[in-house]
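For reference, the structure discussed in these notes is given below.
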Amino acid sequence: MLKIDNLHVKLESEDKQILKGLSLEVPAGQVHAIMGPNGSGKSTLSYVLSGRDGYEVTEGSATLNGESLLDMEPEERAAAGLFLAFQYPVEIPGVGNMTFLRTAVNAQRKARGQEELSSGDFLKLVRAKAADLHISPDMLKRPVNVGFSGGEKKRNEILQMAMLEPRMCIMDETDSGLDVDAMRLVSDGVNALRSPDRSFLVITHYQRLLNHIQPDVVHIMANGRILKTGGPELALQVEEEGYGDLLAEAG
Amino acid sequence: MNATTDLDVREGVDRETVEAVQNMGSYKYGWDTEIEMDYAPKGLNEDIVRLISAKNNEPEWMTEWRLEAYRRWLTMTEPKWAMLNYPVIDYQDQYYYARPKSMAVKPKSLDEVDPKLLATYEKLGIPLKEQLILAGVETTEDGRADGRRVAVDAVFDSVSVGTTFKDELAKAGVIFCSISEAIREHPELVKKYLGSVVPQSDNYFATLNSAVFSDGSFVYIPKGVRCPMELSTYFRINAENTGQFERTLIIADKGSHVSYLEGCTAPKRDTHQLHAAVVEIVVLEDAEVKYSTVQNWYPGDEEGRGGIYNFVTKRADCREARAKVMWTQVETGSAITWKYPSCILRGDESQGEFYSIAIANNMQQADTGTKMIHLGRNTRSRIVSKGISAGRAQNTYRGLVTMHPRATNSRNYTQCDSLLIGDQCGAHTVPYIEVKNTSSRVEHEATTSKVDDDQLFYCRSRGMDEEEAVALVVNGFCREVLQALPMEFAMEAQALVAISLEGSVG
Ligand SMILES: Nc1ncnc2c1ncn2[C@@H]1O[C@H](COP(=O)(O)OP(=O)(O)OP(=O)(O)O)[C@@H](O)[C@H]1O
Ligand SMILES: [Mg+2]
């Protein structure tokens with residue numbers, strides 16, 4: 001599904017290398033977790049994959065189902081099936097959440113040559129999915145993320161993900177700021193989306209989320225590359241011991 | 001309407017926007033109609049003024065009124081205080097009257113109107129048949145619930161082509177006709193009110209208009225009548241090198257209520273064209289007038305070639321107690337816009353509102369805003385202005401709020417937001433505030449921001465292309481004003497916002 005090979009990324013504005021030869025492969029149907037200390041480049045990786053401005057890829061590649069992601073516009077990547085649940089979801093004043101969702105869904109359908117959803121079908125779908133995530137009709141009408149609590153913003157990201165049905169879902173610290181119940185709702189939402197032709201890359205600091213969303217593989221990232229890759233037990237180890245030993249081990 | 005359908009409709013509105021961006025070229029109304037025209041000779045002098053008056057079969061008093069204005073105009077100079085830059089206008093190098101030959105004998109009904117003219121309005125999407133307007137709103141079973149009827153006065157260059165729903169309006173006592181017809185048929189009303197809000201000598205362009213106005217709309221809503229449908233005038237400039245000078249007079253008698261819409265378009269031409277209109281609104285005791293404009297005159301091309309010079313004087317006089325007026329404007333067109341729809345709050349407890357979206361892209365220049373003149377006690381006014389600048393455009397908000405000594409306990413609230421797209425455009429805010437009593441309060445808030453890259457990236461990461469993303473964000477920025485528009489207009493306006501900004505990113 002997603003294949004990242006020897007990715008080197010620096011900031012466009014200054015001479016600062018953030019990703020330093022990162023390689024990673026997420027096969028179809030799998031859930032991979034990335035853990036790593038603050039500032040190791042996890043969000044940068046997710047932004048570079050989704051096409052945000054401000055970064056320069058100096059070396060390496062990233063492909064989604066064999067197609068090079070790095071040459072595509074952000075909206076083309078989305079249409080190709082990539083989705084990023086933002087660590088810090090963006091507020092868009094004056095634009096209704098529902099309008100935003102619908103515009104996004106139909107833009108992607110159009111890009112894929114599908115019919116747009118009728119307003120009736122769309123409403124039915126969004127109401128059902130919102131109810132699953134305990135997102136109130138009021139939140140659907142309010143402007144995108146404006147005045148949403150931290151946890152509401154994260155749930156809203158998952159609602160977008162559920163509506164857009166991407167094939168490769170990247171979740172950047174979606175668990176941060178969620179209360180215990182919300183964590184369960186979000187996890188249930190993600191688990192419901194798990195399927196043989198959909199993959200997840202879950203960035204998190206806490207083992208807690210991984211209790212709900214069982215990863216197939218856990219990667220430890222530090223200083224712009226993958227330090228170690230293992231099974232779910234790696235997350236448990238981090239939770240108990242921190243990164244000290246892992247970092248020392250790698251030198 | 002319940003909450004669900006409301007949501008549906010709003011959804012529909014935004015879908016339209018997005019489709020508009022995807023499907024349309026830049027200026028959609030830039031085509032022209034090939035039609036034989038009668039022109040007055042080029043240039044301006046007393047004979048031309050007399051000729052315009054004669055073409056309209058006007059009574060002597062009207063001719064004199066025009067000539068008085070013309071003589072006054074000769075003594076005046078063009079105002080230069082606006083933040084607008086344009087070459088000197090040669091007032092002798094244009095036509096002041098252009099009429100389709102087929103309109104020489106005024107058709108008795110729309111059935112007799114030249115099919116070419118009817119086709120023009122059809123192509124513009126303006127219904128001249130007496131039918132429901134269902135702009136984008138999904139039709140319900142009986143076809144009525146969501147559809148609203150709108151009566152139209154269609155003005156083509158210098159003449160009114162026809163007015164719909166006249167009979168039905170007449171039954172309610174509402175007079176809706178062209179101003180030239182009103183001068184002939186309702187002289188007592190015209191004499192009493194014409195020039196009573198915008199005097200002949202008000203300003204250079206209004207005075208010019210008083211001398212040479214050719215047509216426009218006239219509305220009278222009698223006491224206590226709620227106008228049974230929305231009224232609208234659609235102005236189309238077609239002829240080349242011809243100025244359009246329309247005059248609109250609306251009188252809302254005591255306790256009456258009307259919502260009036262105005263739309264305007266013009267063909268793409270390489271030369272600039274002059275448009276100097278006057279709109280006067282008289283609002284009497286407890287009456288309410290809502291005046292909405294979508295101004296979409298041809299804005300000129302990317303390099304600033306062609307486009308309309310739009311100098312407009314619009315003013316409402318809340319003459320008696322508790323009169324209420326609301327101006328809503330969406331200004332997307334014209335190379336130059338000079339326009340300040342104003343409210344004179346003379347009656348105690350009268351209210352004025354001004355909601356505006358002004359978009360300037362490419363080489364467009366807009367200097368627009370409002371005046372709220374508080375004369376009566378306990379008067380209220382509210383100004384919400386959203387200015388968007390893109391390309392190399394300059395966009396100025398100019399607003400005046402005055403509280404006169406007698407206007408005790410009055411309030412004004414002004415919010416003035418500017419949004420910049422790109423770094424070659426400009427936004428300026430010029431508020432003038434005068435408070436001459438101690439019990440009144442004026443609040444002014446202003447913000448200037450740039451279209452936010454994070455917002456655009458967020459939208460694009462969800463699959464929208466850059467233009468859709470900009471349209472969505474900008475529509476969000478304008479939401480408060482869009483919501484003040486009647487539904488049909490709101491859809492058109494949203495689409496227009498998107499189209500006007502085409503090419504402003506990327
Ligand atoms: N636009 C930028 N300007 C300057 N420094 C940046 C920029 N973007 C990222 N960085 C730096 O790059 C490094 C990686 O940042 P990134 O946000 O990817 O880390 P992270 O692994 O997601 O951290 P966290 O766990 O705290 O979310 C940090 O040191 C950060 O300060
Ligand atoms: Mg991060």
Pairing a residue in the stretch A:31-42 that is touching a residue at least 60 places away in the same chain (Cβ under 8 Å) and within 8 Å of ligand 2 (Cβ to nearest atom) with any residue that is of a type outside the set (Asp, Glu) and part of a strand (DSSP E or B), where Cβ atoms lie under 8 Å and the two sit 6 or more apart in sequence or on different chains, gives A:Lys42/A:Ile34; A:Lys42/A:Ile203; A:Lys42/A:Met221
Selection over the stretch A:86-99 where residues are more than 7 Å from chain B (Cβ to nearest Cβ) and surrounded by fewer than 24 Cβ atoms within 10 Å (Cβ to Cβ) yields a count of 4
Counting only residues in the stretch B:384-415 that are assigned to a loop (DSSP other than H, G, I, E, B) and at pLDDT 95 or above, the one surrounded by the fewest Cβ atoms within 10 Å (Cβ to Cβ) is identified as B:Pro405
Within the stretch B:342-364, is even one residue modelled with pLDDT under 95 and surrounded by fewer than 24 Cβ atoms within 10 Å (Cβ to Cβ)? yes
Reported set for the stretch B:425-459 where residues are hydroxyl-bearing (Ser, Thr, Tyr) and surrounded by 15 or more Cβ atoms within 10 Å (Cβ to Cβ) is B:Thr429, B:Ser440, B:Tyr458
Those residues of the stretch A:154-176 which are touching a residue at least 40 places away in the same chain (Cβ under 8 Å), within 16 Å of ligand 1 (Cβ to nearest atom) and away from chain B (no Cβ under 11 Å) amount to A:Lys154, A:Met171, A:Asp172, A:Glu173, A:Thr174, A:Ser176
Pairing a residue in the stretch A:53-79 that is within 14 Å of chain B (Cβ to nearest Cβ) with any residue that is open to solvent by 80 Å² or more (accessible area, probe 1.4 Å) and within 16 Å of ligand 1 (Cβ to nearest atom), where Cβ atoms lie under 7 Å and the two sit 6 or more apart in sequence or on different chains, gives A:Asp53/B:Asp453; A:Gly54/A:Glu12; A:Gly54/A:Ser13; A:Tyr55/A:Glu12
Going by what's in this entry, would B:Glu502 be described as away from every other protein chain (no Cβ under 14 Å) and either within 25 Å of A:Arg109 (Cβ to Cβ) or aromatic (Phe, Trp, Tyr) (or both)? yes
The strands (runs of 3 or more DSSP E) lying entirely within the stretch A:1-117 that contain at least 2 residues which are away from ligand 1 (no atom under 16 Å from the Cβ), under 17 Å from the mean Cα position of the chain (by Cα) and at pLDDT 95 or above are A:2-11, A:17-26, A:55-64, A:82-85
Go through the residues of the stretch A:104-125 one by one and say whether even a single one is farther than 19 Å from A:Ala80 by Cβ, touching a residue at least 12 places away in the same chain (Cβ under 8 Å), more than 14 Å from chain B (Cβ to nearest Cβ) and open to solvent by less than 60 Å² (accessible area, probe 1.4 Å). no
**Prompt:** Would it be correct to say that B:Phe205 is closer than 30 Å to B:Tyr86 by Cβ, under 19 Å from the mean Cα position of the chain (by Cα) and among the aromatic types (Phe, Trp, Tyr)?
**Reply:** yes
If you go through B:Ala206, B:Ala154, the only one that is open to solvent by less than 10 Å² (accessible area, probe 1.4 Å), more than 24 Å from B:Glu122 (Cβ to Cβ) and touching a residue at least 12 places away in the same chain (Cβ under 8 Å) is B:Ala206
The residue that is nearest to the chain's Cα centre (by Cα), considering only those in the stretch B:210-237 that are assigned to a strand (DSSP E or B) and of a type in the set (A, V, I, L, M), is B:Leu231
Yes or no: B:Ala471 away from every other protein chain (no Cβ under 14 Å), of a type in the set (A, V, I, L, M, F, W, C) and touching a Ser or Thr at 6+ places or on another chain (Cβ under 7 Å)?
-> no
Cβ pairs under 6 Å, 6+ apart or interchain, first in the stretch B:467-482 and without any contact (Cβ under 8 Å) to a residue 40 or more places away in the chain, second assigned to a helix (DSSP H, G or I) and open to solvent by 10 Å² or more (accessible area, probe 1.4 Å), ordered by first then second residue, are B:Ala469/B:Leu456; B:Ala469/B:Arg460; B:Val473/B:Gln455
Scanning the stretch B:437-449 for residues that are more than 14 Å from chain A (Cβ to nearest Cβ) and assigned to a strand (DSSP E or B) gives B:Arg441, B:Val442, B:Glu443, B:His444, B:Glu445, B:Ala446, B:Thr448
Evaluate the stretch B:231-254: report whether one residue or more is open to solvent by less than 10 Å² (accessible area, probe 1.4 Å), touching a Lys or Arg at 6+ places or on another chain (Cβ under 7 Å) and modelled with pLDDT of 90 or more. no
Can you find even one residue in the stretch A:215-223 that is surrounded by fewer than 17 Cβ atoms within 10 Å (Cβ to Cβ), touching a strand residue (DSSP E or B) at 6+ places or on another chain (Cβ under 9 Å) and closer than 15 Å to A:Val26 by Cβ?
yes
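The values are calculated or read from the model by the stated rules, or taken from the named source; none is laboratory data. These numbers come from a predicted model, not from an experiment. Cβ sites come from the backbone with ideal geometry, for glycine too, and all protein chains shown count toward neighbours. Quick note on the areas: whole protein, heavy atoms, side chains included, nothing else; ligands and nucleic acids left out. Shrake-Rupley method; radii C 1.70, N 1.55, O 1.52, S 1.80 Å.
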